[in-house]
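Contents: one structure, followed by commentary.
The values are calculated or read from the model by the stated rules, or taken from the named source; none is laboratory data. Keep in mind the model is a prediction, meaning the values are calculated, not measured. Note that each Cβ is placed from the backbone with ideal geometry, even for glycine, and that neighbours are counted across all protein chains shown. Remember, those area values only see protein heavy atoms, side chains included, never the ligands or the DNA or RNA. Shrake-Rupley method; radii C 1.70, N 1.55, O 1.52, S 1.80 Å.
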Amino acid sequence: MTYPDDFINKVIQGDCLEVMKQMPDKCVDLVLTDPPYGIGFEYLSYQDTRENLKELIKSFVPEVLRIAERVAILCGITQISLYPEPDWVMSISWNTTGSFGKYGYTQWMPVLLYGKDLKGFGNINGVTKTDVIKISGGGGVGFTRDKLEKEHTCPKPMTIMNSLVNRLSHLNNLILDPFLGSGTTAVAAKQLGRNYIGTEISPEYCKIAEDRLRQENLAL
């Protein structure tokens, strides 16, 4: 594989670490990703234990910090302490009660931020430059996800990924998701006029992602 021809606007099936090692420093504007949570979800090509997550974090975080100008990692509330200290923490909140945590209904999610924010003050890309994103109705969080989204073990709703893409990148920026899953980040990027790189170790999930991009007429 040769960067950038074999990477940009492609769904790459393989180990994200091996793919990222082929990428030069600071070649990506934004890494936006939702890694496994270490809570026993049944992924197709990964055993979702807390110990495996700790090892995964040690491996992939240094690489994304090397290749990206800014990094946004969605994680669970109980996973925050496993990651290197972020520069900032963003909150995504919703008013649905579609998921239940250790202290009752979970209605927010942290986003760990590394690197510098977009330049500017006030509004940017048509939205308030805030560190809180509020999703009305949950947008498919928890058990309210629709049938298509449930083809992946733990997909993020389009409303969340669209909001983060719009908040943390500009038009024509390049966005990498090392854990592409069902392709939500790639779809959001293309819908909003960005470019993407998506890596995913599971061939089954790669096919779902490619099918979604094709259905949206977003595949190149």
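Remarks
- Restricting region 50-80 to residues that are of a type in the set (D, E, K, R) and outside any helix (DSSP H, G or I), the residue that is least open to solvent (accessible area, probe 1.4 Å): Arg70
- Filter result (modelled with pLDDT of 95 or more and among the small types (Gly, Ala, Ser)) within region 60-86: Ala68, Ala72, Ser81
The rows are residues; the columns are (1) within 26 Å of Phe60 (Cβ to Cβ); (2) surrounded by 15 or more Cβ atoms within 10 Å (Cβ to Cβ); (3) at pLDDT 95 or above; (4) acidic (Asp, Glu).
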{"position": "Lys119", "(1), (2), (3), (4)": "no, no, no, no"}
{"position": "Gly126", "(1), (2), (3), (4)": "no, no, no, no"}
{"position": "Ile133", "(1), (2), (3), (4)": "yes, yes, no, no"}
{"position": "Phe143", "(1), (2), (3), (4)": "no, no, no, no"}
{"position": "Asp146", "(1), (2), (3), (4)": "no, no, no, yes"}
{"position": "Thr153", "(1), (2), (3), (4)": "yes, yes, no, no"}
{"position": "Asn172", "(1), (2), (3), (4)": "yes, no, yes, no"}
{"position": "Leu176", "(1), (2), (3), (4)": "yes, yes, yes, no"}
{"position": "Ser182", "(1), (2), (3), (4)": "yes, yes, no, no"}
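- Total residues in region 16-41, condition in a loop (DSSP other than H, G, I, E, B) and surrounded by fewer than 15 Cβ atoms within 10 Å (Cβ to Cβ): 8
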